[in-house]
Amino acid sequence: MQGRMMKPGQRVMVALRTMIASGELKAGERIAEIPTAEALGVSRMPVRTALRALEQEGLVIKLGKRGYAARSFTLDHIIGAIEVRGVLEGYAAKRAAQAGLSDKVEAALSACLAVGDAIFEKGSLTPGDLERYHAFNLQFHELLISAAQSPALALALERNNQHPFASAAAMAADWRDSGSEFERLSKAHQQHHALLDALRAGDGDLGERIMREHALAALEARRLFAGADKSPDAIRAD
């Protein structure tokens, strides 16, 4: 876990999500691969990979041979999808607590927490921390869903993840306010610890409440969503 880093395509995805969320990339605006790659200091391939993934998240739309354009989204759309994720992940936590964690899953969850502890014990974010956070956070959520042992739940979550910013992997970040980002992510990590404690204790009701709150915590960063729009002439995601 310590060496797991965000791949270039994922770093580009974070940057593009943030640009779309903030309105820097406006709804309907074409995202050209070459200028975007040059602006982000990467080759065209990570940009192409990121755009394909962001299409699945409902944040961009393919324009045939002309590439991709940013889609519009509404704050209500984001809130609704995140609330649904909270319900689904809360149910996953309840099932996992009731079934009991295997030694392997518990060890993997603990390893995720150790990575987070190393990030936040410094008291501030340093270069590469967001990439490390993204990696262990995504693995933590994937382990939880796996521990729930419910293919139907996993499928429902996969479908909900196609809405803008609904997925635990759909990370955006405001680099201009690293202090607020540190506090926001540190609070989320504390919830990771609380969840693992609840799972170890077999307390499904507590685990469910924690995961619902954990999902809604993403809305504390709604300042990132200045680009949310209800413009009727925009290319829409909802």
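Here are a few things to note about the model shown:
The rows are residues; the columns are (1) farther than 21 Å from H163 by Cβ; (2) touching an Asp or Glu at 6+ places or on another chain (Cβ under 7 Å); (3) hydroxyl-bearing (S, T, Y); (4) buried (at least 19 other Cβ atoms within 10 Å of the Cβ).
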| site | (1), (2), (3), (4) |
| --- | --- |
| R11 | yes, yes, no, yes |
| R17 | no, no, no, yes |
| A27 | no, yes, no, yes |
| T49 | no, no, yes, no |
| Q56 | no, no, no, no |
| F73 | no, yes, no, yes |
| H77 | no, yes, no, yes |
| E89 | no, no, no, yes |
| S102 | yes, no, yes, no |
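- Residue match in the stretch 127-141 (condition: part of a loop (DSSP other than H, G, I, E, B) and more than 26 Å from E181 (Cα to Cα)): no
- Pairs linking a residue in the stretch 183-202 that is of a type in the set (F, W, Y) to a residue that is assigned to a helix (DSSP H, G or I), with Cβ atoms under 6 Å and 6 or more positions apart or on different chains, do not occur.
- Residues that are part of a helix (DSSP H, G or I) and free of Cβ contacts under 8 Å to residues at least 40 places away in the same chain within the stretch 64-79 comprise G64, K65, R66, D76, listed in sequence order.
- Residue pairs meeting the criteria (Cβ under 8 Å; at least 6 apart or on separate chains; first farther than 17 Å from H134 by Cβ, in the stretch 92-118; second among the acidic types (D, E) and surrounded by fewer than 19 Cβ atoms within 10 Å (Cβ to Cβ)): K94/D205; A97/D203
- Summed over the stretch 197-212, residues that are surrounded by 21 or more Cβ atoms within 10 Å (Cβ to Cβ) and among the aliphatic types (A, V, I, L, M) total 4.
- Residue identified as assigned to a loop (DSSP other than H, G, I, E, B) and in the same structural domain as S167 (by TED's automatic domain parsing) among L101, L88: L101
The values are calculated or read from the model by the stated rules, or taken from the named source; none is laboratory data. This one's a predicted model, so the numbers in the text were calculated from it and none came from an experiment. Cβ atoms come from the backbone with ideal geometry, glycine included; neighbour counts cover every protein chain shown.
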